[in-house]
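First comes the structure, then the notes that go with it.
All of the numbers you see were taken from the coordinates with simple rules; none came from a lab. The structure presented is a predicted model; accordingly, all values stated were derived computationally and were not measured. Here Cβ is always computed from backbone atoms with ideal geometry, including for glycine, and neighbour counts include all displayed protein chains.
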Amino acid sequence: WILRLMINVAYQGRCFSRTTLMAAIRLAAELACREVILSIDDGNQVAERLYESVGFRRTGEIDSGEVVMRLDLEPTSTERRN
């Protein structure tokens, strides 16, 4: 789970969100995670567009009033061989 990705308002719009998100996804993949899950406030279109642009999709679940999204990670080449 990515519990919360927050960028100070003074730094928003400078690609820090995307860069940070991609670093978290790479780390999850290196740790052999099979998925990354997060939640957003329903109606937060800016966040939803960002997450969808890298492959996150709504799961249909609601957690503590927030929309759950999931990114399925590709298995590494080592896992594919096994």
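How about the range 2-12: which of its residues are within 19 Å of residue 41 (Cβ to Cβ) and loosely packed, with under 11 Cβ neighbours inside 10 Å? Hits for the range 2-12 are 3, 4, 6, 8, 9. Quick test of your reading of the structure: residue 58 fulfils all but one of (1) in contact with a Leu (Cβ under 9 Å, 6 or more places away or on another chain); (2) surrounded by 14 or more Cβ atoms within 10 Å (Cβ to Cβ). Name the failing condition by number. With (1) in contact with a Leu (Cβ under 9 Å, 6 or more places away or on another chain); (2) surrounded by 14 or more Cβ atoms within 10 Å (Cβ to Cβ) applied to residue 58, the lone miss is (1).
When residue 23 is tested against (1) touching a strand residue (DSSP E or B) at 6+ places or on another chain (Cβ under 6 Å); (2) among the aliphatic types (A, V, I, L, M); (3) part of a helix (DSSP H, G or I), just one condition goes unmet, and that condition is (1). A Cβ distance below 8 Å, combined with a sequence gap of six or more or placement on separate chains, defines the contacts here; from the range 24-45, residues that are without any contact (Cβ under 8 Å) to a residue 40 or more places away in the chain reach residues that are surrounded by fewer than 16 Cβ atoms within 10 Å (Cβ to Cβ) and assigned to a helix (DSSP H, G or I) in the pairs 36/24.
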